[in-house]
1. Quick one: is Tyr142 surrounded by fewer than 20 Cβ atoms within 10 Å (Cβ to Cβ), of a type in the set (Phe, Trp, Tyr) and modelled with pLDDT of 95 or more?
2. Out of Ser113, Ser87, report the one residue that is under 18 Å from Ala191 (Cβ atoms), at pLDDT 95 or above and out of contact with any Leu (no Cβ under 8 Å at 6 or more places or on another chain).
3. Would you call Asp61 under 17 Å from the mean Cα position of the chain (by Cα) and acidic (Asp, Glu)?
4. Sort out for me the strands (runs of 3 or more DSSP E) sitting completely within the range 17-121 that have 3 or more residues that are open to solvent by less than 30 Å² (accessible area, probe 1.4 Å) and of a type outside the set (A, V, I, L, M, F, W, C).
5. Taking the range 29-43 only, how many residues are in contact with a Gly (Cβ under 7 Å, 6 or more places away or on another chain) and over 23 Å from Tyr232 (Cβ atoms)?
Amino acid sequence: FGIPGHKDESGSEAYHDHGIVQEAIRYIKKKYPEVYIIGDVCMCEYTSHGHCGILKGNDIDNDSTIKYLAKIALSQVEAGADMVAPSDMMDGRVSEIRKLLDANGYKNIPIMSYSAKYASAFYGPFRVAADSAPAFGDRKTYQMDVHNIREAIKEVYDDVAEGADIVMVKPAMSFLDVVAKVKEITDIPVAAYSVSGEYAMVKSAAKNGFIDEEKIMCEMAVSAFRAGADIYITYYAKELAKCIDKGVIG
């Protein structure tokens, strides 16, 4: 993720050759070539209005937006990203990204799609940090309704058909039933994303002495894997790795 110095209507810093993410990727690859880099492909941190695409009036223009998302993905891969992860929830974006990457010689770059991304209140801390909250309205027209699992399954099927290599459910903790269902209906890896609100709640409760932070952190991770996640994306990655090394969790 990146926070640009300048934001505009089309989120142009997201696909600029010298954008913050593109420069960060080059720096990491130069200094730490063994690091595997996944670029988040979205526009909300880069647009002046905070929505995940190109506006037409007060609505997102899906078909225009996916062209920009493909440009963002290509710019990240050209900078050295090993994988791209579209998080916008626009229809058809996986196919559009795959076509542009293939046309430019990047046929082996995988796509991890945020397939079942819910319009959740758990994103709050990240949106504050990235200054990416919508300037008006909300994201419920393109992100998933928290009540709905059937549409999530449809979205996963669509992304797999378009060429996604990994599908994701986001957030993790309150959507473990969705993780389990997605695991049942697909044979590609399933990721679960433990988001900023989950992390902040644990941190806050631990700071106040209400919980054992390490045990709660481990229990949350185990629950995601038990539900069927093959990949767990979390702000606690380093701490969890230490717990695995110590044998606290498997």
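1. no
2. Unique residue meeting the criteria: Ser113.
3. Answer is no for this residue.
4. 112-117
5. Qualifying residue count for the region: 2.
Yes/no matrix, rows are residues, columns are (1) surrounded by 15 or more Cβ atoms within 10 Å (Cβ to Cβ); (2) out of contact with any strand residue (DSSP E or B) (no Cβ under 8 Å at 6 or more places or on another chain):
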| residue | (1), (2) |
| --- | --- |
| Glu151 | no, no |
| Val167 | yes, no |
| Ala200 | yes, yes |
| Tyr232 | yes, no |
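The values are calculated or read from the model by the stated rules, or taken from the named source; none is laboratory data. Treat the numbers as computed from the prediction; the structure is a model and nothing was measured. Note that each Cβ is placed from the backbone with ideal geometry, even for glycine, and that neighbours are counted across all protein chains shown. The accessibility values were calculated without ligands, DNA or RNA, using every heavy atom of the protein model including side chains. Shrake-Rupley method; radii C 1.70, N 1.55, O 1.52, S 1.80 Å.
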